[in-house]
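**Q** Handing you this structure, nothing more for now.
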């Protein structure tokens, strides 16, 4: 574990990001007070940013994953022929 001040972190950010990616935790301090941590990604974290964003959206309930696997296209449901539906609609409107 390393502790680094904000100014030094700003000047050497890529070095500290590399350390975190190798498994080291970097504590970030401001005036001798720890204000943040730079930690390696969790094992369950997706490697790609787009995947991580999607997982985060699902976790927060803003996105619902599909119920069918991507290999199975949804089946089209035909309730009634279009002509029959339009005829019933006209009937209902004429009442």
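**Q** If the Cβ limit is 8 Å and pairs must be 6+ apart or interchain, which residue in segment 41-64 that is under 25 Å from residue 16 (Cβ atoms) pairs with which residue that is at pLDDT 85 or above and surrounded by fewer than 10 Cβ atoms within 10 Å (Cβ to Cβ)?
**A** Taking only residues 6 or more apart or on different chains, not a single pair turns up.
**Q** Same structure, new question: State all residues of segment 20-76 that are within 30 Å of residue 5 (Cα to Cα), at pLDDT below 90 and exposed (fewer than 10 other Cβ atoms within 10 Å of the Cβ); if no residue qualifies, say none.
**A** 42, 43, 44, 47, 48, 49
**Q** Residue 86: closer than 17 Å to residue 2 by Cβ, at pLDDT 90 or above and over 14 Å from the mean Cα position of the chain (by Cα), yes or no?
**A** Here the answer is no, as residue 86 does not meet what is asked.
The values are calculated or read from the model by the stated rules, or taken from the named source; none is laboratory data. Only a predicted model underlies this, so the values are computations on that prediction, with no experimental measurement involved. In this analysis, Cβ positions are derived from the backbone assuming ideal geometry, glycine residues included, and neighbour counts consider all displayed protein chains.
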